[in-house]
1. Round to a whole number: what % of the accessible area of the stretch 1-67 belongs to carbon and sulfur, probe 1.4 Å?
2. Where does helix 46-58 land angle-wise versus the long Cα axis of the chain, in degrees 0 to 90, nearest 10?
3. First check a/c for the stretch 1-75, with a ≥ b ≥ c the square roots of the eigenvalues of its C-alpha gyration tensor; if it is under 1.5, answer rounded, and if not, answer prolate when a/b is larger than b/c or oblate otherwise.
4. Ignoring everything except DSSP H segments at least 4 long, calculate the 222 nm mean residue ellipticity for the chain; use -39,500 (n - 2.57) per segment, divide by total residues, nearest 500.
5. Over the chain, with the other protein chains present, what is the accessible area per residue in square angstrom, probe 1.4 angstrom?
6. Modelled label-to-label distance, L26 and L46, 7 Å Cα→beta-carbon offset: nm?
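The values are calculated or read from the model by the stated rules, or taken from the named source; none is laboratory data. As the structure is a computational prediction, the values presented were derived from the model and not from experiment. Using ideal geometry, Cβ is built from the backbone for each residue, glycine included, and neighbour counts are taken over all protein chains shown. Each accessible area value is taken on the protein alone, full model and side chains, heavy atoms only, with ligands, DNA and RNA left out. Shrake-Rupley method; radii C 1.70, N 1.55, O 1.52, S 1.80 Å.
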Amino acid sequence: MENLAETACRICGLDDGDELFDRHGLPLYVICACCFNESGIGDDTLMQVRELRGLWLGHGARWHEPARKPADWDLLAQIANIPPRWR
Ligand SMILES: [Zn+2]
């Protein structure tokens, strides 16, 4: 059976290794430390994901938990980490 687990945020691409969607593709409702999205809430379709990403970027790509923002954080590198089907 295909493993549908996702660890990278669909909105911002942050991947700290925690599962956001389990192996069955079901959301685990984890709040992203970077973009504040909750997996499974409003990120079900590509249109929704792009809209949320646009809002996040448009507001300066701020971190929900600034203390977890790496000193050498690279926005474009993180964006490149977004799973291809959610770009
Ligand atoms: Zn995120």
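1. Details: 2210 of 3960 Å².
Heavy-atom surface of the stretch 1-67 belonging to carbon and sulfur, 1.4 Å probe: 56 percent.
2. 10
3. Oblate, since a/c reaches 1.5 and b/c is not below a/b.
4. Values: 2 runs with 18 residues, N = 87.
Roughly -6000 deg cm²/dmol at 222 nm, from the helical runs in the chain.
5. Solvent-accessible surface per residue comes out at 63 Å².
6. Label at L26, label at L46, 2.7 nm between them.
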